[in-house]
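Only the coordinates and a few stated rules stand behind these numbers; no lab work does. Just so you know, these numbers come straight off a predicted model, no measurement behind them. Quick reminder, even Gly has a Cβ in these numbers, built from the backbone with ideal geometry, and neighbours come from all protein chains shown.
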């Protein structure tokens, strides 16, 4: 009997020799704007095995504008982003929190996200054979940057004021409650994200990361595993220094920039965590030939595949060429698909 998408992903995460590498394609609106027909064809020929369910909240927090349009957008927390390019997300130029003592009361923690209709979520899970991820995605480090500003936050972390530490505890408590709410549904996995790397190293010292953020991630993993779910994490940049920590706290799958760190450097972790993509979007998907993309997939497979442990994932974003995105999935199929 042919395995379902859900079964393929579980087998991959458990290193249980799936019939092929499961697929997932991330797309930004800018790809739809320029390559709508090509994107439809890729999705038709290489349908995804992983989906997320969202949009089932009974209450919606207030937002203003479109996050992917040129102009300004005010998010669920009350922060305003400025965008100069359609199809991608902008940046916060005027952070809400200028003073930790007085300004945190203006932050709207979007407790509306807790009002999910569990029956509808479970129905969505029951009517698909895809592997289903939660509709929420906590991001504590990034959310702190959006609210405080990146430079200010880095300076604060060197000697955090008491009001900042209190807000971090409140933020983490909310995210735990959010994940616990989703853990009571029938989704297969919970997920979270934080971009931790520059092109060459972590954005903060590993010691600082272990002090303030590793305990948060351990809690997220424990919430997922206590409910029989897997836990997925995304983090851009060079995060090699914390890979052992992510494995230690129980992360099941990590989406990170493999080629930024070097595939050979990541090989010691093969079989201990699932590499949730990705194929290099900085150079390969944008500038390489399809043959070079196929060679890169082959390198990932040779060094990181252990009867599973890799998901055929890439991002169709700014600069990516449709023929290269297509070749990613064709190459994974060729390498892993069993008769």
Query - 5 Å-binned pair-distance histogram of the range 32-73 (Cα, whole percent) - result: 5, 15, 11, 15, 20, 17, 15, 2
Report task. Would you mind calculating the relative contact order of the chain from Cα pairs under 8 angstrom and at least 6 residues apart, reporting the percent as a whole number? Result -> 20 percent
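Would you mind classifying the range 1-60 by shape? Square roots of the alpha carbon gyration tensor eigenvalues, ordered a ≥ b ≥ c; an a/c under 1.5 is rounded, otherwise it is prolate if a/b is larger than b/c and oblate if not.
Values: a/c = 2.76, a/b = 1.33, b/c = 2.07.
Judged from the Cα gyration tensor, the range 1-60 comes out oblate (a/c at least 1.5, b/c at or above a/b).
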**Report entry** Normalised per residue, the volume of the convex hull around the Cα set of the chain (Å³)
**Finding:** 135 Å³
Query raised in the report: What is the spread of the Cα atoms of the range 11-148 along each of their three principal axes, largest first, in whole Å?
Result: 56, 36, 29
**Report entry** For the range 299-339, convex hull of alpha carbons as volume per residue, Å³
**Finding:** 78 Å³
**Report entry** 222 nm mean residue ellipticity, helices alone, for the chain (DSSP H n ≥ 4; -39,500 (n - 2.57); rounded to 500)
**Finding:** -13000 deg cm²/dmol
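Beta carbons within 10 angstrom, averaged per residue: use that to sort the peptides 301-310, 71-80, highest first.
Values: 301-310: 18.2, 71-80: 16.5.
The packing order, highest mean first, is 301-310, 71-80.
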Query raised in the report: Semi-axes of the range 68-127's equivalent ellipsoid from the Cα gyration tensor, sqrt of 5 times each eigenvalue, largest first, rounded to whole Å?
Result: 30, 21, 6
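Sort 6-14, 218-226 for me by packing, meaning the mean count of neighbouring Cβ atoms within 10 Å per residue, highest on top.
6-14, 218-226
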Query - Shape box of the range 134-252 [Cα atoms, principal axes, largest first, Å] - result: 41, 31, 20
Report task. Using just the alpha carbons, could you tell me how many Å³ per residue the convex hull of the range 188-306 encloses? Result -> 102 Å³
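So for the range 170-288: antiparallel DSSP bridges make up what percent, rounded to the nearest 5? Kindly include the intermediate steps, with their values, before the conclusion.
Numbers: 1 of 13 bridges.
In the range 170-288, DSSP labels about 10 percent of beta bridges as antiparallel.
Evaluate the Kirkwood expression for the hydrodynamic radius of the range 68-212, namely the inverse of the mean inverse distance over all pairs of different C-alpha atoms, and round to one decimal in Å. Numbers along the way, then the final one.
On the way: mean 1/r = 0.0582 Å⁻¹.
About 17.2 Å for the range 68-212.
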**Report entry** Packing rank of 24-30, 289-295, where each peptide gets the mean count of other beta carbons within 10 Å, highest leading
**Finding:** 24-30, 289-295
